[in-house]
Amino acid sequence: MVYILRTLLHEGLGLRHEITANKEQFAASALPKINYSEEVFDGIVSIKPHTILFDHGIRDYQLQVNTNLRYKKIFFKNTGNTIPFDLFGAAFWLLTRYEEYLPYKPDKENRFHYRSCLAYQYEFLEVPLVNLWLFELKAILQTQYSELRFDIRSYEAISTIDIDNVYKYKHKGFVRTLAGFISDKSWVKSKQRLRIILNQEQDPFDCYDFLIESHKLSQSKAIYFLLLGDYGPNDKNHSATDLRFQSLIKHLGDYSMMGIHPSYGSNNNLRQLKVEVARLGNIIHRLITKSRQHFSMLKFPQTYQNLLQAGLMSDYSMGYTNHNGFRASYCYPYKWYSLDIESVSSLTIHPFCISENCLLSNSAREHKTFMELASPLVNEVKTYGGELISIFHNDSFTTKMKKFYREFLEVSKA
């Protein structure tokens, strides 16, 4: 209970609060208050609790989701109270990703699939539902206690760039370049590869000057996440020992924040993860605290436990790579709570809600422009003064994507 009240009331609304189990003390207090109990107090904002915040261990609760005019969707429903469901318990269930600790059918990459999530099944994945609930609670408290003062949250947009493969053809080394020529099976492709290697044409993945200029013009914040794992089937970036790659990393670090993109090969290998974090730190001579998982390989609780042991303090993996929306139903940064040990951690989660890969696939399927797909999500985050995290990859910046990116940076500004 302490965790969710601090997350929502203190960090979400800026309210200082105290918890008491003393009925007489509660009734006698003249301070603004919320009755979170089975007891009945007339004229006081009341929420009847579900057992989730008091139970020990992980349980497979039977959830019944109902549509509600004010709160959109609710579960852990009750009657006869100011708020018709356990807002705190339901928010805890969503923020901790409770459903991902339960048995589920994974996708082909052994990840939790968006189709398995409650938010997708009940059509609120594209709404930060916990934020909506929190704003409704704020409105109720303001009506009841006009003297209350809430924090005014400032909307912020951060564009994040994943660099999985720094160049398509350049600086690959003799063996990989030769293998590339053999695999081309087309004179047109081989000719393009040769022209790029000879510096007669720009590499398709070399969009870094464009990104730096775009962020400058729009005064946008950006974070680059670098893949520095060992070469493997799912990790094909340049070697971290390549001085030209290191030079580019330092150059990008002069303009933007940097983070590690833990490799596919480090998913179950803490030692490898620590090696990759150290590699980036040694290149840019800074303490590395930010991360986002390659392929968004997020497994509870293992992934976050490993990140903490590797010294990482902020993670940007909370989202789906194959469906835009709010995986945790929240658009504020918040601390990770580990259900297996029932303890709050020092790791801050920064949920993302927009990925350009989803925009690309959905645009073709739904016959909508990138901006038509992105704007509703941008507006949702702006409504609640949240943190808009978007994902782009350096290998996706075609002429069309560059045009959209410049427009997106402008539209997503505060």
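The values are calculated or read from the model by the stated rules, or taken from the named source; none is laboratory data. Only a predicted model underlies this, so the values are computations on that prediction, with no experimental measurement involved. Note that we place each Cβ from the backbone using ideal geometry, even for glycine, and neighbour counts take in every protein chain shown.
Computed values, structure above
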read-out	value
Considering residues of the range 341-368 that are assigned to a loop (DSSP other than H, G, I, E, B) and among the hydrophobic types (A, V, I, L, M, F, W, C) only, the residue surrounded by the fewest Cβ atoms within 10 Å (Cβ to Cβ)	ILE341
Helices (runs of 4 or more DSSP H) contained in the range 1-95 and holding at least 2 residues in contact (Cβ under 8 Å) with a residue 12 or more places away in the chain and closer than 20 Å to GLN121 by Cβ	87-95
Qualifying residues in the range 136-170 (those that are under 28 Å from CYS207 (Cα atoms) and small (Gly, Ala, Ser)) - the one surrounded by the fewest Cβ atoms within 10 Å (Cβ to Cβ)	ALA157
Check on ILE391, touching a helix residue (DSSP H, G or I) at 6+ places or on another chain (Cβ under 8 Å) and among the β-branched types (Val, Ile, Thr)	yes
Sole residue being under 20 Å from ASN357 (Cα atoms) and not aromatic (Phe, Trp, Tyr), chosen from HIS285, HIS294	HIS294
Residue that is over 28 Å from LYS168 (Cβ atoms) and within 20 Å of the chain's Cα centre (by Cα), where the choices are ALA374, ALA414	ALA414
Only one of ILE283, ILE288 that is in a helix (DSSP H, G or I) and either of a type outside the set (Asp, Glu) or modelled with pLDDT of 95 or more (or both)	ILE283
Residues being surrounded by fewer than 17 Cβ atoms within 10 Å (Cβ to Cβ), small (Gly, Ala, Ser) and out of contact with any helix residue (DSSP H, G or I) (no Cβ under 6 Å at 6 or more places or on another chain) - total across the range 209-259	2
Pick from the range 15-57, criterion within 17 Å of LYS77 (Cα to Cα) and of a type in the set (S, T, N, Q), ranking: nearest to the chain's Cα centre (by Cα)	THR51
Hits in the range 294-311 - residues which are buried (at least 24 other Cβ atoms within 10 Å of the Cβ) and in a loop (DSSP other than H, G, I, E, B)	none
Every pair of residues 6+ apart whose Cβ atoms lie under 8 Å, when the first sits in the range 261-285 and is free of Cβ contacts under 8 Å to residues at least 24 places away in the same chain and assigned by TED's automatic domain parsing to the domain that holds ILE249 while the second is surrounded by fewer than 18 Cβ atoms within 10 Å (Cβ to Cβ) and of a type outside the set (S, T, N, Q)	GLY281/LEU287
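For every residue, the table says whether it meets (1) in contact with a Ser or Thr (Cβ under 9 Å, 6 or more places away or on another chain); (2) farther than 18 Å from LYS138 by Cβ; (3) assigned by TED's automatic domain parsing to the domain that holds GLY319.
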{"position": "GLY14", "(1), (2), (3)": "no, no, no"}
{"position": "ASP42", "(1), (2), (3)": "no, yes, no"}
{"position": "ILE47", "(1), (2), (3)": "yes, no, no"}
{"position": "THR51", "(1), (2), (3)": "no, yes, no"}
{"position": "LEU63", "(1), (2), (3)": "no, yes, no"}
{"position": "PHE75", "(1), (2), (3)": "no, yes, no"}
{"position": "ASN78", "(1), (2), (3)": "no, yes, no"}
{"position": "PHE85", "(1), (2), (3)": "no, no, no"}
